[in-house]
Amino acid sequence: MSNMAKTHICLSLIILLYIISEGSFMRVNAQGQKEWCVAKPSSSTEELFNNLNYACSIIDCQIISKGGACYSLDNLYNLASVAMNLYYQAAGRHYWNCNFGGSGLIAITDPSYGNCIYEFRK
C-alpha cells in the first residue's frame, strides 16, 4: 500500500471520528430531533450547585422555586437538570450551552416527570 493510500485512509478515519464525536467537536442532528440538557449522573454536589446558580443567574428559575411544578428540595440533581435545560433551551440549544464544565449531557428522551415538564423550544 502506498503512502498516499495510507494517508487517505487515515484522513478518512479522522473525518469520520470528527463527525461522530458529537460533544467534542460538533453535533450532527436530524432536523426536528428534540433535545434536553440534563446533569450527568456522575456530577458532584458542587457541580450541581454551580450549574444551578449559574443557570438561574441568567434565566427565570421560578419552576424550581417553592410552589413551582419542579420544586424538589430533596433532589438537587433534578433541580440542577431543570435549570440547566432552561438555560440550554433559552440559549438556542447549541451543544456548548449544555457543557457546564463537562457536567452536562444532551438527552434525546424527554426527562419530564410527574407535573415537572422539561421545556423544549423549537
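In this label model, Ala90 and Gln62 are separated by 1.2 nm, measuring between points 7 Å along each Cα→Cβ vector. Annotation: extensible slack from Tyr54 through Thr109 equals 17.4 nm (criterion: 0.36 nm per residue apart, minus Cα-Cα distance).
Computed from backbone phi, the HN-Hα couplings of the stretch 76-87 come to 4, 4, 5, 4, 5, 4, 5, 5, 4, 5, 4, 5 Hz, rounded to whole numbers (Karplus: 6.51 cos²θ - 1.76 cosθ + 1.60, θ = phi - 60°; Gly and Pro given as x). With a cut-off of 12 Å between beta carbons, the residues surrounding Ala83 carry a summed charge of -2, where Lys and Arg count +1 and Asp and Glu -1.
FYI, it's all coordinate maths here, none of it is from the lab. The shown structure was predicted, so the numbers you read here are calculated from the model rather than taken from an experiment. Positions of Cβ are backbone-derived with ideal geometry, glycine not excepted, and every protein chain shown enters the neighbour counts.
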